[in-house]
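**Q** Here it is: the structure, laid out below.
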Amino acid sequence: MNANHHETSGPTRTQITLRGPAELADALPFVLGFHPTDSVVLVALHGEHGRFGGRVRLGIPRSPREWATTADHLAECLVEGGARSGARPDGIVVFLCQDPAAGETGRRVMERLRPFAQRLRTACGALDIPVYEALCISDGLYFSYCCPDARCCPPDGTPLALSGTTVMAATAAYAGVQVRGTLRDMQRRFRPTGGPREEEQRSALDTSAAAIVPRIVEGAQDEGREEVREATLNLARAVLRRFVNPVKAAAPTGSTGTPGDPRTAPSDAAGWAAGDEADDALVGTDEAATLILGLQDRATRDRAAEWMEGWEGAAALRLWRVLARRCVAPYQEHSAAPLTLAGWAAWSTGDEPTARVALGLALEVDAEYVFARLLHQACNEGLDPESLRSCLRAERDDRLAADAAAARVSAQVRTRVARSRGSRRTVRKAGRGLGGAERRTAAGVRPGGPAAGRPGSRSPRQGGQRGTRSGR
């Protein structure tokens with residue numbers, strides 16, 4: 001699910017008014033940052049004028065038997081999330097977006113999903129939040145479940161407005177808001193692509209798992225786990241530097257249209273595919289396997305999360321995306337770590353749509369992955385990522401300070417050892433000039449030497465007899 005509570009108005013924020021179902025349907029991709037395919041979306045409205053607030057998104061369940069529980073969960077998530085942030089919704093708009101199956105029409109999709117729309121309306125009503133509008137978007141048409149007037153909402157649907165011709169599109173372009181293609185295309189960038197290299201990657205993962213997993217599982221020796229951690233992070237740092245220069249793939253020849261237009265989405269996807277292919281070439285199969293397995297250690301993953309700003313944040317997003325694509329079967333569950341790191345890097349660098357997609361996929365892989373759940377909730381509730389960035393910076397600074405202190409202590413110890421060894425060599429050299437009788441010690445008397453004196457003393461201290469005060 002995806003939500004955002006940044007839609008607050010202010011003196012420096014451009015405000016536009018949306019009138020009717022047509023403009024609501026046109027605004028949805030700009031609200032989410034992508035075209036939602038096969039999705040149910042709930043958008044909260046606040047105040048007398050229905051200001052957009054939080055939103056939640058989830059894939060439409062395949063089985064109608066799951067619709068009731070899904071509707072209840074979505075309504076509770078949106079309402080309770082708003083209440084925690086002090087902005088309980090005053091109303092809700094529901095969107096059901098799904099492409100027709102083979103031989104199916106947009107109207108047939110609308111009728112098939114009508115029970116789900118009704119269940120969403122009753123779930124919101126049970127929480128005392130009215131649903132002002134419920135729309136189905138399919139096959140380039142929109143349908144209203146709430147408007148009974150066939151003059152504005154005909155049963156056969158109304159074509160969506162041409163992209164770039166509406167007030168919402170113009171305002172978004174002026175504000176620099178980008179629609180990143182379709183949800184399906186965005187998800188594809190985090191999933192294995194198949195092909196002949198998949199078997200090679202699977203073999204590398206098998207080899208790395210046999211070598212690494214026993215050393216990082218719970219109960220393993222701390223020394224082995226620390227060695228794997230440092231080796232993984234050192235390799236990740238080296239690989240990360242390969243992603244310093246951004247990849248800008250040119251759009252295919254002859255492609256035209258407005259960025260974010262569904263009609264030009266294949267061109268966007270082709271450009272993404274070219275960039276992702278170039279990124280994949282930067283990481284070898286053995287390197288990817290080592291990093292994927294090493295990131296299964298929680299402490300290693302948390303250290304890697306420190307690459308969150310500037311060039312490191314942008315490069316890390318590309319690296320984590322590559323590693324998520326390398327989690328081929330049967331290692332799909334291992335992708336939860338790189339997917340979560342990708343979501344964090346995207347959110348930290350201001351790319352909230354990509355963050356929501358990556359974190360949603362991480363929770364699909366492992367619904368109990370705590371780091372993904374916390375980040376997902378924080379992103380949904382509109383929290384500022386700076387609070388988490390500050391914590392990670394503080395942990396990094398403390399660790400670097402501790403490492404520097406340990407290095408100083410180690411240097412002091414090495415210096416003392418070196419001085420002690422020099423003292424031994426000096427004493428032995430001086431002892432060679434003594435006569436044999438003088439070098440021999442009497443029975444019951446300890447021999448003098450550096451062990452009997454202070455570290456670094458240049459002359460031996462004469463030991464006393466056992467039992468005496470001087471020899472005790």
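**Q** Just to check I understand the Karplus step: with θ = phi - 60° and J = 6.51 cos²θ - 1.76 cosθ + 1.60, what whole-Hz values come out for region 405-419, glycine and proline as x?
**A** Residue by residue, region 405-419 yields 5, 5, 5, 5, 4, 5, 5, 5, 5, 4, 5, 5, 5, 5, 5 Hz.
**Q** Any idea how far apart Ser410 and Ala68 come out in nm if each label point goes 7 Å out from Cα toward Cβ?
**A** About 6.3 nm separates the two model spin labels.
**Q** Provide the gained length on full extension for the span Leu235 to Ala101, in nm with one decimal, where the gain is 0.36 nm per separating residue minus the Cα-Cα distance.
**A** Length difference between fully extended and current span is 43.7 nm.
**Q** Between Val244 and Glu200, what is the label-point separation in nm under the 7 Å Cα-to-beta-carbon projection?
**A** 2.7 nm
**Q** In Å and on Cα atoms, what radius of gyration and Dmax does region 255-405 show?
**A** Final numbers for Rg and Dmax: 16.4, 59 Å.
**Q** Using 7 Å Cα-to-Cβ label points, what is the Asp397/Arg191 separation (nm, one decimal)?
**A** Between Asp397 and Arg191, the simple spin-label model gives 4.3 nm.
**Q** For the peptides 347-358, 94-105, what is the packing order when you average, over each peptide's residues, the other Cβ atoms within 10 Å and list the highest mean first?
**A** In decreasing order of mean packing, 347-358, 94-105 become 347-358, 94-105.
**Q** Is region 12-133 rounded, prolate or oblate when judged by the Cα gyration tensor, a ≥ b ≥ c being the square roots of its eigenvalues, rounded requiring a/c under 1.5 and prolate requiring a/b larger than b/c?
**A** oblate
Readers should treat all values here as calculations from the given coordinates under stated rules, not as data from a laboratory. This is a predicted model, so every value here is computed, not measured. Every residue, glycine among them, receives a Cβ derived from its backbone with ideal geometry; neighbour counts consider all protein chains shown.
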